[in-house]
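This report concerns only the one structure given below.
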Amino acid sequence: MAQASQEACGYVQNSSGQRVSWKGQLPVVIFLDPTLPSELVTSVQSAAQKWNSSAGKLLIDVRTVTAENFKPQASDGWNGIYWSTDWDNTVSLQQAITTIRYRGNMIFEADIKINSKNFTYYVSQPNSNQEVHMESLLVHEFGHLLGLKHLSTSPTVMLATLSGATIRDTLSDQDLGDLKCEY
Ligand SMILES: [Zn+2]
C-alpha cells in the first residue's frame with residue numbers, strides 16, 4: 001500500500017516523502033566509546049537529557065560500556081558514539097557526523113562519530129576560541145539521531161555549523177515543535 005507523503009517538520013524524509021524517525025522503538029540505546037575523555041561524559045549525558053526532558057520521556061539512553069564490549073563502527077544495528085582519531089582529511093572541518101539507517105520510515109541504527117583528530121572539546125570554559133562546546137555539539141548530533149535534518153534559520157540547535165567557543169545547547173521553540181511531530 002502506498003503511503004502518503006508528510007510535511008517535513010524538520011525531519012529527513014524517505015523516498016515517499018515520509019518523515020523518518022524511531023517511531024515507537026524507544027528508547028534509543030547508544031553506547032559511549034570508552035576512549036572518550038571522562039570529563040566529557042557528563043556533557044554527552046546532559047545533551048541527551050535535553051531531548052529527553054523536552055519530550056517528557058526517555059528518547060536517548062546513553063550507556064557506558066567496557067572496551068571489550070564496545071563494537072567498531074559498522075552497519076550492525078548497534079548504536080555507538082565514536083571518539084574518532086582517524087578522521088578523513090578531506091572533511092577535517094567537520095566536528096562530528098551522525099549516520100542514520102532506516103527501513104521504510106523507521107530508523108534502526110544511528111552512529112555518531114566525533115572528530116577528535118582536528119578539534120578540542122570543552123565542558124564549560126574554552127581555553128581558546130577554537131575549542132568546541134561538547135554539550136552543544138551533542139545536542140545537535142542527537143537531533144540527527146532522532147531524524148532531524150539541518151535548518152538554516154536561527155534559533156535552532158540544527159544549524160549546520162557550530163562556531164568555536166559558542167554555546168548552543170538549548171532547544172528552541174522550533175526544535176521543540178519539530179520534536180513533537182514524531183515524539
Ligand atoms: Zn549536522
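The values are calculated or read from the model by the stated rules, or taken from the named source; none is laboratory data. Because the structure is a prediction, the values reported are computed rather than measured. Cβ atoms come from the backbone with ideal geometry, glycine included; neighbour counts cover every protein chain shown. Please note that ligands, DNA and RNA were not included when accessible areas were found on the heavy atoms of the full protein model with its side chains. Shrake-Rupley method; radii C 1.70, N 1.55, O 1.52, S 1.80 Å.
Could you work out how much longer the chain between GLU68 and SER54 gets when fully extended? Use 0.36 nm per residue separation minus the Cα distance between them, nm to one decimal.
Values: separation 14, 0.36 × 14 = 5.04 nm, distance 3.37 nm.
Once the chain is fully extended between GLU68 and SER54, it gains 1.7 nm.
Separation of the stretch 136-165 and the stretch 1-44 by C-alpha centroid, Å?
The stretch 136-165 and the stretch 1-44 have Cα centres separated by 13 Å.
Would you compute, from DSSP H runs of 4+ residues alone, the mean residue ellipticity of the chain at 222 nm, taking -39500 (n - 2.57) per run and dividing by the full residue count, rounded to the nearest 500?
Estimated from H runs of four or more residues: -6500 deg cm²/dmol.
What fraction of the DSSP beta bridges in the chain is antiparallel, stated in percent and rounded to the nearest 5?
Counting DSSP beta bridges with both partners in the chain, the antiparallel share is about 40 percent.
Within 13 Å, Cβ to Cβ, of ASP175, how many net charges do the neighbouring residues add up to if Lys/Arg are +1 and Asp/Glu are -1? Please report the intermediate quantities before stating the final value.
Details: positive: LYS50, LYS149, ARG168, LYS180; negative: ASP169, ASP173, ASP178, GLU182.
For residues surrounding ASP175, the net value is 0.
Would you mind telling me the share, in percent, of accessible area of the chain contributed by carbon and sulfur at probe 1.4 angstrom? Let's see the in-between values first.
Details: 4440 of 9030 Å².
Here it works out to 49 percent.
Compute, for the stretch 1-120, the length of the dipole vector about the Cα centre, with Cβ point charges of +1 (Lys, Arg) and -1 (Asp, Glu) only. Units Debye, rounded to 20. Intermediate results must be reported in sequence, preceding the final value.
Working: 10 positive and 10 negative charges, 77 e Å.
In total the dipole reaches around 380 debye.
About its Cα centre, what dipole magnitude does the stretch 1-61 give when the only charges are +1 on Lys and Arg Cβ and -1 on Asp and Glu Cβ, stated in debye to the nearest 20? It would help to have the intermediate numbers written out before the result.
Details: 4 positive and 4 negative charges, 50 e Å.
Around 240 debye, computed over the stretch 1-61.
Which net charge results for the neighbourhood of MET158, defined as the other residues with beta-carbon distances under 9 angstrom from its beta-carbon, given Lys and Arg at +1 and Asp and Glu at -1?
Residues near MET158 contribute -1 overall.
Sum up the lysine pairs in the chain that clear both bars: alpha-carbon distance under 21 Å and a spacing of 8 or more or different chains.
Lysine pairs satisfying the spacing and distance rule in the chain number 12.
Give the relative contact order (percent, whole number) for the stretch 21-140; include only Cα pairs under 8 Å separated by 6+ residues. Walk me through the numbers before you get to the answer.
Details: 194 pairs, mean separation 34.8, N = 120.
The value is 29 percent.
Residue farthest toward the positive end of the dipole of the stretch 61-183, with Cβ of Lys/Arg at +1 and Asp/Glu at -1: which of PHE70, SER124, ILE167?
So the residue we want is PHE70.
Within the stretch 1-97, report the trypsin sites (Lys or Arg not before Pro) that DSSP leaves as loop and that have at most 11 other Cβ atoms within 10 Å. If you can, show how the numbers build up before the last one.
Working: sites: ARG19, LYS23, LYS50, LYS57, ARG63; in loops: LYS23, LYS57.
Sparse-neighbourhood loop trypsin sites (Lys or Arg not before Pro): LYS57.
Less than 12 Å Cβ to Cβ from ALA8, Lys/Arg counted +1 and Asp/Glu -1: what total charge do the surrounding residues give? Show your work: numbers first, answer last.
Working: positive: ARG19, LYS149; negative: GLU7, ASP178, GLU182.
So the environment of ALA8 carries a net charge of -1.
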